[in-house]
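Q: What follows is a structure written as structure tokens; I'll ask about it next.
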Amino acid sequence: MTQELFSNEEQHTNGPVTVLGKTFANDEERRSYFREELRKKLPELKEIDGFPIGEEEDIINLSDPPFYTACPNPWINDFIAEWEEEKKQLEKEGKRVPNFEVTEPYAADVSEGKNNPIYTAHTYHTKVPHPAIMRYIMHYTQPGDIIYDGFAGTGMTGVAAAMCENPESDIKAKIEKDNNNVIWGQRKAICSDLSPYASMISYNYNSPLDLIEANHFLDKLESDMITSCQWLYKTKHINNDLGTINYIVWSDVFLCVDCNKELVFWNEALSFEEKKVIDNFNCPHCNAVNNQKKSEKVWETKFDSIVNDTIKIAKNVPVYIVYSYNNKRFTKSPDDYDLELINQIENYKLKTWAPTYKIPKGYNTDQPIRSHGISFVHLFYTKRNLIALSILNDYINRSKYSSKFKFILTGMINRSTKMNRIHVKNFFFGGGGWNAGHLKGTLYIPALPIETSILEQISDKIKSYKTVLQKLSNRYNNLVSVASATKSTIKNNSIDYIFTDPPFGANIMYSELNILPESWLKVLTSNEKEAIENKIQGKNTFDYQRLMTESFNEYYRVLKPGKWMTVEFSNTSAAVWNSIQNALLTAGFVISNVAGIDKKQGGIRSITTATAVRQDLAITCYKPSSEFDTKFQESQHSPMGVWDFVEEHLSHLPIHLVKENATTAVVERSAKILLDRLIAFYVQRSLPVPIDAGKFQEGLKERFVERDGMYFTQEQVEEYERKKAEVPEFIQMSLFVGSEQDAVYWLRQLLEKEHRTEQDLHPLWMREVAGNMRKGDTLPEMRQILEENFLKDESGKWYVPDAENEADLEKLRNKRLLKIFEDYKAEAAKPKGKLKEVRVEALRVGFKQCYQDKDFKTIVNVGDRIPNNLLMEDEVLLQFYDIASAKI
């Protein structure tokens, strides 16, 4: 019944190529030469963070050096040197300008869909559509600039950089509508990721392939796969002719809780009358009530010839077949022919290699191991699909472009496993298809898995791959590497712009999820430096922050002074948001803007506080210029250092923002955020903060111009007023009150407009403030906050004090808060001291004083005894705690 494996495809040659100053007869000669060079460098490369798990030959065979290496790329700095020389020629041709400078961040919200064929050609856990990235690249760079992404995933940053040379007309029109000063032209990109799987996809998106040669191979691949594997997917039609299987639904088998007889879940729990899966179902043998959670699965012990050992696995049986006959779809229940074919397949000995890696203990891997006994990679597949994938993999491996065509194989992996689920509503009512695919971000095995035919998938995958090949560049533009972002080989101050999409805390366990495709590549992720929260790996939020700080330290080191970085961020956890923000500040970056990226799944339109994270954000930050660093070194110990920083920072902020045909406030220009940025800048450089809030407010008003609650330089305010006159309607800066500091600023906004009595303020306070506090943070009564921060006139109305009175109030308030902090300090010093509820403002003032006194031990001791959410969700406390932890 089986077919002979097919022969190698025809070989083609190409013309001479020159790479890094060396000329080769063709690309094959170039690849062979650099693979040998890579082999020599492997002992040294193994010492670099992120070197993957795999045999040397498998790493070399997966690589296409020097452009792509399935390990740290040792040629990156050689290419950077070449690219810098190319810039000089571009300047001569008028395609670049010397001393290119970007003074404002790209501040507009970005909305881009995911239906681009490049985006959809291959699935991955997270991706940013490349047209969205192009908007940032076109704002921050010019032709020839070098872009880096150390969390590159599938390489969309590289795709965006290459597409800037010859953009599609609709994308070009959108970008030029927002920015009529763009200079189109190719940018260079370095795309690195810890995952060999992600980097292999990235390589495919960022490297050329001869279309004629590729089409020849792909057409033959599809034809030969059908010839070789069609026997696996045959089923009898009603006239005894043979049709071709598209899907098979399988079902778990349970033991009745009463009579202990077997129950097929599909037969008993899927109610065709009610058209749904019912929670409680009756045993057909004894009528006892069973349900999926309480009933035990039937387990089988059998010999697995692939691993040559006995395994224990949950029993499941085929229950429903969808097949094609004469180009029409039909359904049936399995018959004797189908069961006999399954039996033959189970006894079939594989003639080609298939992965047999043992599934490691992990957050995501627990469910398939525990619920179905899937303890090896190959058990995620039915034997039928495993055979077909093994044949496909072998065929691809014998191609000279094996690393390219692995794109097709890995693109089919998840759809080929037992993780596919039935969408019951669509099964009964239609609409959208009932083969729902796998549960994203998990390795979950459902009770009713769907076996999707490899032949059903392959034609679609080949078609989409051909579409991608036509759209991508016809030459090597970018570099791809497998490495950790925590330790780059890139030389100092050599990158012109960074766009990066890092992991987000505990959102996705990349290395666990990637074990399925990476097992087919024979190169696995080394997860020691994987920046995630994962209990099995022993990584908590602080470990995540540490790894992100290491990564951003590297970003800061390689980025040129005065240049920009954009960090795409998506997490609803305030603790993770603060970890990212704190890691950026610790590395030395200064945050200048937070905008939204809408990937057509609901997007954020604004951000009001550091903890109000709900959707994808683009965090824009910059590395201070060399000129500013020199100037600040001279003034850092004097008050002038404060205003040097503020002036520098204001020059990096958006001047005017429009949203929904109205001028909107720039949050970063508020006094509150400016002070936060100033404190972070000083603290992360281990400098004492030379000014308090009152003096800072007074100095802002003396040196800068205030408009609509925002501060500008004189030149900026003229531009702001001119642009606001064109869009006069104004959206006031909103403030989500979640802390005492927020409450003070909220009251200040109200009282700056007019004096108000306590009776006027109270109903507003109850609506906006009461009930919004974080757990463990005690908020004083409104009257106490008013007394500590504001003054009352003769008529009993509260108002904002002038600078001198405000400074006096702040001194008195800080004195009271330090007294409260002393109580916290004493309680924390007890052997089992715990501070379940605290006044966060007292902690802020106390931590700042301890920092000034170099009493780092107290900061850590108190920080360890307050509720963890308060520490992780308050950016000021977290900054002081991290600095103190590093000092002791």
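The values are calculated or read from the model by the stated rules, or taken from the named source; none is laboratory data. Bear in mind that the values here come from a model prediction, so they are computed numbers and not experimental data. Cβ coordinates were reconstructed from backbone atoms using ideal geometry, including for glycine residues, and neighbour counts include every protein chain displayed. With ligands, DNA and RNA removed, areas are computed over all heavy atoms of the protein, side chains included. Shrake-Rupley method; radii C 1.70, N 1.55, O 1.52, S 1.80 Å.
Q: Compute, for the range 430-567, the length of the dipole vector about the Cα centre, with Cβ point charges of +1 (Lys, Arg) and -1 (Asp, Glu) only. Units Debye, rounded to 20.
A: Charge dipole of the range 430-567: 580 debye, to the nearest 20.
Q: Short version: ³J(HN,Hα) in whole Hz for each residue of the range 799-810, in order, from phi by Karplus 6.51 cos²θ - 1.76 cosθ + 1.60 (θ = phi - 60°), x for Gly and Pro, what are they?
A: 8, 7, x, 6, 4, 5, 5, 5, 5, 5, 4, 5
Q: Taking 8 Å as the Cα distance limit and 6 or more residues as the minimum spacing, I'd like the relative contact order of the range 45-102 as a percentage.
A: For the range 45-102, the relative contact order is 23 percent.
Q: Limiting things to C-alpha atoms, what are the Rg and the maximum Cα-Cα separation (Dmax) for the range 118-169, in angstroms?
A: In order Rg, Dmax, the Cα atoms of the range 118-169 give 11.0, 31 Å.
Q: Another question about this same structure. Got a sec to turn the phi values of the range 693-704 into Karplus ³J(HN,Hα) couplings, 6.51 cos²θ - 1.76 cosθ + 1.60 with θ = phi - 60°, whole Hz, x for Gly and Pro?
A: Once rounded to whole Hz, the list reads 4, x, 5, 5, 4, 4, x, 4, 5, 6, 9, 10.
Q: Identify, among Ala574, Phe380, Leu877, the residue whose Cα sits farthest towards the positive end of the charge dipole of the chain, taking +1 on the Cβ of Lys and Arg and -1 on the Cβ of Asp and Glu, with the dipole about the Cα centre.
A: Phe380
Q: Need one value: the accessible area of Val317 in square angstrom, 1.4 angstrom probe, rounded to the nearest 10.
A: Val317 exposes around 40 Å² with every protein chain in place.
Q: Here's a follow-up. Which order do Tyr395, Tyr124 take by accessible area at a 1.4 Å probe, largest first?
A: Working: Tyr395 0, Tyr124 35 Å².
Largest to smallest exposure gives the sequence Tyr124, Tyr395.
Q: Would you mind checking the pairs Lys41/Lys361; Lys623/Lys701; Lys406/Lys471; Lys41/Lys487; Lys40/Lys188 and listing those with alpha carbons more than 25 angstrom apart?
A: Pairs exceeding 25 Å: Lys41/Lys361; Lys623/Lys701; Lys40/Lys188.
Q: Where does the charge balance sit around Cys621 when Lys and Arg score +1, Asp and Glu -1, over other residues with C-beta under 12 Å from its C-beta? It would help to have the intermediate numbers written out before the result.
A: Details: positive: Lys563, Lys623, Arg677; negative: Glu668.
Taking every other residue near Cys621 into account, the sum is +2.
Q: Next question, about the same structure. Treating the beta-carbon of each Lys and Arg as +1 and of each Asp and Glu as -1, no other charges, what is the dipole magnitude of the chain about its Cα centre, to the nearest 20 debye?
A: That gives the chain a dipole magnitude of about 1800 debye.
Q: Counting only the heavy atoms of the protein chains, how much of Phe265 is accessible to a 1.4 Å probe, in Å² to the nearest 10?
A: In the full protein context, Phe265 sits at about 10 Å².
Q: Give me the accessible area of Asp219, 1.4 Å probe, in Å² rounded to the nearest 10.
A: Using a 1.4 Å probe on the heavy atoms, I get roughly 80 Å².
Q: Here's another thing I want to ask about it. Over the range 268-321, what relative contact order in percent results from Cα pairs under 8 Å that are six or more residues apart?
A: 20 percent
Q: Right, something else. What residue among Leu472, Thr500, Gly437 has its Cα farthest toward the positive end of the dipole of the range 423-581, where the charges are +1 on Lys, Arg and -1 on Asp, Glu, each on the Cβ?
A: Leu472
Q: To the nearest 20 debye, what is the magnitude of the charge dipole of the range 337-464 about its Cα centre, counting +1 on the Cβ of each Lys and Arg and -1 on the Cβ of each Asp and Glu? Present the calculation step by step, with values, prior to reporting the outcome.
A: Working: 18 positive and 8 negative charges, 106 e Å.
About 500 debye.
Q: Are any of the pairs Lys234/Lys522; Lys383/Lys418; Lys234/Lys328; Lys775/Lys834 more than 21 Å apart by Cα-Cα distance, and if so, which?
A: Lys234/Lys522
Q: In straight Cα distance, which lysines are under 18 Å from Lys294, not counting same-chain residues fewer than 8 positions off?
A: Result set, ordered by chain and number: Lys261, Lys315.
Q: Using only DSSP helix segments of four residues or longer, with each worth -39500 (n - 2.57), what per-residue ellipticity at 222 nm results for the chain after dividing by its residue count and rounding to 500?
A: Numbers: 33 runs with 379 residues, N = 888.
Using -39500 (n - 2.57) per qualifying helix, the result is -13000 deg cm²/dmol.
Q: Rank these residues by their accessible area, most exposed first, probe 1.4 Å: Asp460, Asp629.
A: Putting Asp460, Asp629 in descending order of accessible area: Asp460, Asp629.
Q: If I take every Cα pair under 8 Å that is 6 or more residues apart in the chain, average their sequence separation and divide by the length, what percent do I get for the relative contact order? Walk me through the numbers before you get to the answer.
A: Numbers: 1573 pairs, mean separation 112.9, N = 888.
The normalised contact order for the chain reaches 13 percent.
Q: Select one label from (1) 19; (2) 23; (3) 28: the one whose number is percent of Cα pairs over 57 Å apart as derived from the coordinates shown.
A: (1)
Q: Same structure, new question: Accessible area, 1.4 Å probe, largest first: how do Val594, Val249 sort?
A: Result, largest first: Val594, Val249.
Q: How would you rank 434-440, 142-148, highest first, on the average number of other Cβ atoms within 10 Å across their residues?
A: On the way: 434-440: 17.0, 142-148: 24.0.
Ranking, from highest mean packing down: 142-148, 434-440.
Q: Enumerate cysteines in the chain without a disulfide-compatible partner, where compatibility requires another Cys Cβ under 4.7 angstrom.
A: Those would be Cys71, Cys164, Cys191, Cys229, Cys621, Cys850, since no other cysteine Cβ in the chain comes under 4.7 Å of theirs.
Q: Check cross-link reach from Lys297 to the aspartates and glutamates: straight Cα distance under 16 Å, and skip same-chain residues fewer than eight apart.
A: Asp252, Asp258, Glu262, Glu268, Asp279
Q: 5 Å is the cut-off here: which amide hydrogens, built 1.01 Å from N in the peptide plane, fall below it relative to Asn593, excluding neighbours closer than 5 in sequence?
A: Thr620
Q: Per the 1.4 Å probe, what fraction of the accessible area of the chain, in percent, lies on carbon and sulfur atoms?
A: Percent of accessible area from carbon and sulfur atoms in the chain: 47.
Q: Next up: Work from the charge dipole of the range 609-708 (Cβ charges, +1 for Lys and Arg, -1 for Asp and Glu, about the Cα centre) and give the residue of Thr664, Phe681, Ile691 farthest towards its positive end.
A: Final value for the positive-end residue is Thr664.
Q: Return one whole number: the accessible area per residue of the chain in Å², for a 1.4 Å probe.
A: 42 Å²
Q: Turning to a different aspect of this structure: For the range 201-208, in order, what is each residue's ³J(HN,Hα) by Karplus, 6.51 cos²θ - 1.76 cosθ + 1.60 with θ = phi - 60°, in whole Hz (x at glycine and Pro)?
A: Those phi angles translate into 5, 4, 4, 5, 6, 10, 8, x Hz.
Q: Pairs Lys425/Lys463; Lys95/Lys631; Lys491/Lys854; Lys236/Lys358; Lys539/Lys836: which exceed 27 Å Cα-Cα? Can you show the working numbers first?
A: Numbers: Lys425/Lys463 30 Å; Lys95/Lys631 32 Å; Lys491/Lys854 34 Å; Lys236/Lys358 37 Å; Lys539/Lys836 24 Å.
In this structure, Lys425/Lys463; Lys95/Lys631; Lys491/Lys854; Lys236/Lys358 lie more than 27 Å apart at Cα.
Q: Same structure, new question: Rounded, prolate or oblate: which one fits the range 338-465, using the alpha carbon gyration tensor with axes a ≥ b ≥ c (rounded when a/c is under 1.5, else prolate when a/b beats b/c, else oblate)? Show your work: numbers first, answer last.
A: Numbers: a/c = 1.40, a/b = 1.19, b/c = 1.18.
Rounded, because the longest to shortest axis ratio a/c is under 1.5.
Q: Need the list of aspartates and glutamates near Lys404 for cross-linking: C-alpha distance under 13 angstrom, and skip anything on the same chain fewer than eight residues off.
A: Asp64, Asp210, Glu213
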